[in-house]
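Asks: Below you'll find the structure I mean.
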Amino acid sequence: FYKQLYNFRISDAEITEKEKPTFEDFTKAVLEKNPEYHNEHWAAQYFICGFGMIPYDFIGKLENIEDDSKLIFKVLSWDGEEFPSQSQIGFFPSGTSRKEAEYYAGNPAVIPMVTSKFRRDFELLEYSKSVTG
């Protein structure tokens, strides 16, 4: 991610030697980048998914995957199908919610920047208007 963050103007050696950016520095660098050059991990979802260009009739959420997949399977008449659980596919919780709370608690100046930058995602995906919930 470093190379993408620094527009590939950093060597592998510099990555290991360079002081790691703070969460606030990282966030500012991401927010300053042109959305066309965002890594899919920090890009706005409306941009990646083409909201407004693709006529979606359903938007599922990973946190609701069990219920959302049941609904989709029912609509598709895939009787008896079940979406595999996280443990079945070896995708275990990462502790993101805890980490997110820690990062934002230690960097309150970042909250309005992120909330503003990703406001459209919060609205389209029906999330709270704040990164802290």
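Asks: Hey, can you tell me all the residues within segment 59-71 that are closer than 17 Å to ILE89 by Cβ and β-branched (Val, Ile, Thr)?
Replies: Hit for segment 59-71 is ILE65, nothing else.
Asks: Next question, about the same structure. Of the residues in segment 72-112, how many are over 26 Å from PHE58 (Cβ atoms) and among the aromatic types (Phe, Trp, Tyr)?
Replies: Total meeting the criteria: 3.
Asks: One residue is enough: does segment 42-55 have a residue meeting the conditions surrounded by 12 or more Cβ atoms within 10 Å (Cβ to Cβ), in contact with a strand residue (DSSP E or B) (Cβ under 8 Å, 6 or more places away or on another chain) and not in a loop (DSSP other than H, G, I, E, B)?
Replies: Checking segment 42-55: at least one residue is surrounded by 12 or more Cβ atoms within 10 Å (Cβ to Cβ), in contact with a strand residue (DSSP E or B) (Cβ under 8 Å, 6 or more places away or on another chain) and not in a loop (DSSP other than H, G, I, E, B).
Asks: Still on this model: May I ask you to verify whether ILE59 is in a helix (DSSP H, G or I) and aliphatic (A, V, I, L, M)?
Replies: no
Asks: Take the conditions without any contact (Cβ under 8 Å) to a residue 12 or more places away in the chain, basic (Lys, Arg) and either assigned to a loop (DSSP other than H, G, I, E, B) or open to solvent by 90 Å² or more (accessible area, probe 1.4 Å) (or both) and apply them to ARG120. Does it pass? Even if it seems obvious, please write down each step before you answer.
Replies: Working: without any contact (Cβ under 8 Å) to a residue 12 or more places away in the chain: no; basic (Lys, Arg): yes; either assigned to a loop (DSSP other than H, G, I, E, B) or open to solvent by 90 Å² or more (accessible area, probe 1.4 Å) (or both): yes.
For ARG120, the condition - without any contact (Cβ under 8 Å) to a residue 12 or more places away in the chain, basic (Lys, Arg) and either assigned to a loop (DSSP other than H, G, I, E, B) or open to solvent by 90 Å² or more (accessible area, probe 1.4 Å) (or both) - is not met.
Asks: Still on this structure, please answer the following. Across segment 27-52, which residue is modelled with the lowest pLDDT among those that are out of contact with any His (no Cβ under 9 Å at 6 or more places or on another chain) and among the aromatic types (Phe, Trp, Tyr)?
Replies: Going through the qualifying residues, I end up with TYR37.
Asks: Ok, one more. Looking only at residues in segment 80-115 that are among the hydroxyl-bearing types (Ser, Thr, Tyr) and surrounded by 10 or more Cβ atoms within 10 Å (Cβ to Cβ), which one is nearest to VAL30 (Cα to Cα)? Please lay out each step first, then the result.
Replies: To start, the set of residues in segment 80-115 that are among the hydroxyl-bearing types (Ser, Thr, Tyr) comprises 85, 87, 94, 96-97, 103-104, 115.
Then keep just the ones that are surrounded by 10 or more Cβ atoms within 10 Å (Cβ to Cβ); that gives 85, 97, 103-104, 115.
On the way: SER85: 32, SER97: 20, TYR103: 15, TYR104: 16, THR115: 13 Å.
Among those residues, the one meeting the criterion is THR115.
Asks: All but one of (1) at pLDDT 90 or above; (2) part of a helix (DSSP H, G or I); (3) loosely packed, with under 11 Cβ neighbours inside 10 Å; (4) not acidic (Asp, Glu) hold for SER77; state the number of the condition that does not hold.
Replies: (2)
The values are calculated or read from the model by the stated rules, or taken from the named source; none is laboratory data. Since the model is a prediction, treat every value here as computed from it, not as a measurement. As a convention, Cβ positions derive from the backbone with ideal geometry for all residues, glycine included, and neighbour counts pool all protein chains shown. Heavy atoms of the whole protein, side chains included, go into the accessibility calculation; ligands, DNA and RNA do not. Shrake-Rupley method; radii C 1.70, N 1.55, O 1.52, S 1.80 Å.
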